[in-house]
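The values are calculated or read from the model by the stated rules, or taken from the named source; none is laboratory data. What you see is a predicted model, and the numbers here were worked out from it, not measured in a lab. Here the Cβ positions follow ideal geometry from the backbone for every residue, glycine too, while neighbour counts run over all protein chains shown.
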Amino acid sequence: MNMAVLRRRACRPLGLLLVVTLAPLTVVDAASSAIPVTSVFAQDRDMAMSSGGGYEQVEKIAVPATGVAEAYPSTVEASGLQGVVRDVVVTLMGVTHPNPEDLDVMLVSPNGRRAVVMSDVGGSDDVANLTIHLDDEAYGPLPDSNIHAESGQSKDERDSSHAVYQPRNAGAGADTFPAPAPQTTENSSLSVFDGTDPNGVWRLFVVDDGAAAGPNDAIGSWHLQIFTTSDPYPSTVEVSGVRGRVIDLDVTLTGLTHEAPADIDMLLVGPQGEQATVMSDNGGSRDVSDLVVTLDDESTNTLPDEFAFSGPIRSGTYRPGNQVLINDEYWPPAPASTGKTALGAFDGTDPNGTWRLFVNDDNLCGAPNRCPDASPWLPAEGYLGTLAGWQLDIRWADNAAPSGAVSVAGGATATGSTTVTLGVSATDPAPGEGVTRMRFSNDGSTFSPFRPYATSAAWDLLPGDGPRTVYAQFSDGAGNLSPVVSDTITLAIAPRATRVKPAARAKHVRTGATLKVFATEPLAARTVIKRHVRLTKKGSSRAIRAKVHYLFGKQMVRVEPKQRLAPDTTYRVTLRTRVTDLAGNRWDQVDKPGAQPLRWTFTTRPARRDN
């Protein structure tokens, strides 16, 4: 923010937080009967916008040669802050000591959380009237020796006369802080205070655990900067019942009150993660009260520019704006900001779900883009603003998803073929564009390519016996997908012969031949027995004695007559339907109702040719 335009701002107390729940309002666009539709979703809970506060204790903390400081603890009290702690910076001013590593300093929050921010660091070189900023986000930790103004500073802080370090406790184990200090801790990170209520008494306990002393050993004063979120953070709006995708989105801010609107950073995040920086570093530095501001990509008005001195913001409609001079950051759980302002980022998305509005006040070096050695400090109770509520005006295309059904083989419970006919039906509710495409799957995850919608389709089931489920999904002209539907059928493929030897109606077969049947699939060996596999002379029912074997690996039935066959005689081989596959499906050689046995004949050679 341009420091030239900053001025002291009077702190304004927050009003009563009023919570009002509004039902979503749906407005039908009269120009086109049903499409498009505008739905309004509002949040009417007051939001307090505060960057935090700064609190200084000017009482000198005298430090003896050993033991606790005279002001033990030294305290500051925070009050009137909204939101929760997101960052804390501690500044020790006028630090004077012959042996800084003897100083142990612990900060305790109102709720009892604590951090030993400085212990066993700084070495044994005298320091006099030194100002030390302790900040988790500094470039480096407190050193083991030689604390001075240059160490630990970022490139943006090197013109400062102050030392900026990360807190550090270099001792082994926890330090001793006598009562009334709470039990000590080895933690030194100030992030331990994040997410807590900042209001109440903060206590600084100082102990000298060495023996070296100087005539003026002391911490002259100390300052606590507490950066907080807005409250609530984020503010949310729940969107439901929208049956289509966003065509256009506008955001309206109601009751916008702030001492310097240019300090406000607002990030809108949709349910699917899309985002837009709707307002940042725009709006001017003059006090505004109870404004109604609509942010609309199609507006011809631009938000006032803080740095061009274009005047204060007034109630009205503006394009979203982001006067980017630094990279805006937002406290977690906000995503990293892209800085892009266009609300068109939400076009084409499903608006149903939680919309989140993250609001930061980045006044001066405000959180999270703050410079801890900045002067002037944050004033007590920070800089305040309020937002009475906000709403989304969502214009959407009514593209409700189609629905449908599928049946396999006319709804039959079983089939003996992997190739089946699917019966399909689907509808698209008004004002949809009609069902245009369909696709199918055997596992519910890997689908075929879309094909034009029709009331029937040929489909191949997965091979193998057992239940087989076919899944179907439909698409309308706008690309909306239906829920996946399914139908199940039992696939029971009967075993058959792929080849017999000798071949059916073969002649001149050797009288010592072995008969073979090759099956389409593995058979249950217990069913391949003499009673089920018979060799007879044609016209006779008396079985000829033979050995029947089943070779599993070859899926082959082998029939070996115990004696040579008679010459010039016709024989019949019968494999009965009691022969089954491993799933229990009975042999079925012929395509007609019921299970059908395998039968074939062959004729042996005349006697004179069988030698």
The correct count of residues that are exposed (fewer than 14 other Cβ atoms within 10 Å of the Cβ) and over 16 Å from Ala566 (Cα atoms) in the range 505-519 is 1
Here the residues within the range 560-583 that are among the small types (Gly, Ala, Ser) and under 60 Å from the mean Cα position of the chain (by Cα) are Ala583
Picked from the range 107-130 (must be hydroxyl-bearing (Ser, Thr, Tyr) and at pLDDT 90 or above), the residue nearest to Val90 (Cα to Cα) is Ser109
Among Arg370, Arg356, Arg319, the single one that is among the basic types (Lys, Arg), at pLDDT below 85 and touching a strand residue (DSSP E or B) at 6+ places or on another chain (Cβ under 9 Å) is Arg370
Taking the range 386-416 and the residues there that are at pLDDT below 85 and of a type outside the set (A, V, I, L, M, F, W, C), the one that is surrounded by the fewest Cβ atoms within 10 Å (Cβ to Cβ) would be Gly416
Practice task
Using the structure shown, decide if Asp104 is surrounded by 19 or more Cβ atoms within 10 Å (Cβ to Cβ), at pLDDT 90 or above, touching a Ser or Thr at 6+ places or on another chain (Cβ under 7 Å) and of a type in the set (Asp, Glu).
Solution key: yes
*Is it fair to say Pro180 is over 29 Å from Ile147 (Cα atoms) and surrounded by fewer than 18 Cβ atoms within 10 Å (Cβ to Cβ)?*
yes
Cβ pairs under 8 Å, 6+ apart or interchain, first in the range 535-554 and touching a residue at least 12 places away in the same chain (Cβ under 8 Å), second of a type in the set (Lys, Arg) and assigned to a loop (DSSP other than H, G, I, E, B), ordered by first then second residue, are Thr536/Arg542; Ala543/Lys530; Arg545/Lys562; Ala546/Lys530; Ala546/Lys562; Lys547/Lys562; Val548/Lys530
Within the range 96-143, the residues that are of a type in the set (D, E, K, R), outside any helix (DSSP H, G or I) and closer than 13 Å to Asp175 by Cβ are Asp104, Arg114, Asp120
| request: Using the structure shown, decide if Ser289 is more than 24 Å from the chain's Cα centre (by Cα) and part of a strand (DSSP E or B). | output: yes
Considering residues that are over 60 Å from the mean Cα position of the chain (by Cα) and at negative phi, the number found within the range 536-559 is 15
Being assigned by TED's automatic domain parsing to the domain that holds Arg605, surrounded by 19 or more Cβ atoms within 10 Å (Cβ to Cβ) and among the basic types (Lys, Arg) narrows Arg534, Arg558 down to just Arg534
A careful count of residues in the range 584-607 that are within 56 Å of the chain's Cα centre (by Cα) and among the polar types (S, T, N, Q) gives 1
Flagged in the range 416-452 as more than 34 Å from the chain's Cα centre (by Cα), among the hydroxyl-bearing types (Ser, Thr, Tyr) and assigned to a loop (DSSP other than H, G, I, E, B), in numbering order, are Ser417, Thr418
Scanning the range 450-474 for residues that are of a type in the set (A, V, I, L, M) and within 16 Å of Pro402 (Cβ to Cβ) gives Ala454, Ala472
Per the filter on the range 585-607, residues closer than 14 Å to Thr520 by Cα and not charged (D, E, K, R) are Asn585, Trp587, Gln589, Val590, Leu598
In the range 455-478, residues that are touching a residue at least 40 places away in the same chain (Cβ under 8 Å), part of a loop (DSSP other than H, G, I, E, B), out of contact with any Leu (no Cβ under 7 Å at 6 or more places or on another chain) and under 18 Å from Arg439 (Cβ atoms) total 3
**OP:** Might you let me know whether the range 48-67 holds any residue that is under 21 Å from Trp355 (Cα atoms), in a strand (DSSP E or B), touching a residue at least 12 places away in the same chain (Cβ under 8 Å) and in contact with a strand residue (DSSP E or B) (Cβ under 6 Å, 6 or more places away or on another chain)?
**Re:** yes
Checking Thr228, Thr236, Thr252, Thr257 in turn, the sole residue that is in contact (Cβ under 8 Å) with a residue 12 or more places away in the chain and closer than 30 Å to Met106 by Cβ turns out to be Thr228
Of the residues in the range 479-496, those that are outside any strand (DSSP E or B) and of a type in the set (A, V, I, L, M) come to Val484, Ala492, Ile493, Ala494
